[in-house]
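Colleague: Mind having a look at this structure? Questions to follow.
Every number in this text was worked out from the coordinates using simple rules, so none of it is lab data. Computed from a prediction, not measured in an experiment: that's the story for all the values here. Counting neighbours? That spans all protein chains shown, and the Cβs are built from the backbone with ideal geometry, glycine included.
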Amino acid sequence: MPITLPDLPYPKEALEPHISARTLEFHHGKHHKAYVDNANKLIEGTDLANADLETIIKKSVGDPAKAGLFNNAAQVWNHTFYWNCMKPNGGGPPTGAVLQKINSDLGGYGKFVEEFKNAGVTQFGSGWAWLVLKDGKLQITKTGNADTPLAHGVKPVLVADVWEHAYYLDYQNRRPDYLATFIDKLINWDFVNSCLA
């Protein structure tokens, strides 16, 4: 099976009290695993059977006949990226290159917080809030369902999952509270800086 479920980069309870071990059990162990299993079934016996995830995403985007494959492959990629965007004792203002870029491209950390949170809150239904690098500049954007900037030639550097399964056990319908906690307590800025490098 070319597509595998990666281990979480930290123990399941490491993000508590902000994201519970129970949420990660379901989110990683059931949702993410289902996308991996589905994507593997869909590529079996096709010309994409041995392709890497990014190739599968780029070759299936926008093709109605491959919508199921795109959705599952993109969700595998998005989730793997999302786990790495968080760490215990993370969040708060960044340091390093990303801070300089946030200041120059987005007008400062306060503006980033406001716009990133707004992108997540206003994403109707399921989806993702992203910080991306496009044409050398940081931008905040959002995508619905499984869509990913990667499919459109844009480089993701940070993502927050705003599908309900990402936060519902811990926050119920309070998506703004989940996003505020993600920004204040969870963002792995070291990972974001490594994506910028």
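Colleague: Pick from H165, H32, H152 the residue whose mean-square fluctuation is largest in a GNM of the chain, springs joining Cα atoms under 10 Å.
Modeller: Residue with maximal mean-square fluctuation among H165, H32, H152: H152.
Colleague: Around L158, which amide H atoms from residues at least 5 apart in sequence, or from another chain, sit under 5 Å from its own amide H, with H modelled in the peptide plane?
Modeller: Under 5 Å from the amide H of L158: L131.
Colleague: In the neighborhood of Y10, defined by Cβ-to-Cβ distances under 15 Å, what is the net charge if each Lys or Arg adds +1 and each Asp or Glu adds -1?
Modeller: On the way: positive: K12, K87, K185; negative: D7, E13, E16, E25, D190.
Around Y10, the charge tally is -2.
Colleague: Using Cα positions and a limit of under 30 Å, work out the lysines in reach of K59, with same-chain residues fewer than 8 apart set aside.
Modeller: Filter leaves K30, K33, K41, K134, K137, K142, K155.
Colleague: Separate question: For the modelled label position 7 Å from the Cα of S20 along Cα-to-Cβ, which residues of region 126-167 have backbone nitrogen atoms closer than 20 Å?
Modeller: Label zone hits: 161-167.
Colleague: Using only Cα atoms and rounding to the nearest 10 degrees, what angle (0 to 90) does helix 67-84 make with the longest principal axis of the chain?
Modeller: It is inclined by approximately 40 degrees.
Colleague: Using 1/(1 + (r/R0)^6) with R0 = 22 angstrom and r between the beta carbons of Q100 and H152, what's the FRET efficiency to the nearest 0.05?
Modeller: FRET efficiency, Q100 to H152: 0.30.
Colleague: Near the amide H of C85, under 5 Å away, which other amide H atoms are found, from residues 5 or more places off or on another chain, if H is placed in the peptide plane?
Modeller: none
Colleague: Using θ = phi - 60° and the Karplus form 6.51 cos²θ - 1.76 cosθ + 1.60, what ³J(HN,Hα) does each residue of region 107-122 get, whole Hz, x for Gly and Pro?
Modeller: Per-residue couplings from phi come out as x, x, 4, x, 5, 4, 4, 4, 6, 5, 4, 4, 4, x, 5, 8 Hz.
Colleague: Here's another thing I want to ask about it. Rounded to the nearest 500 deg cm²/dmol, what is the calculated helix-only ellipticity per residue at 222 nm for the chain, with -39500 (n - 2.57) per DSSP H run of length n ≥ 4? Working shown, then result.
Modeller: Numbers: 9 runs with 86 residues, N = 197.
About -12500 deg cm²/dmol.
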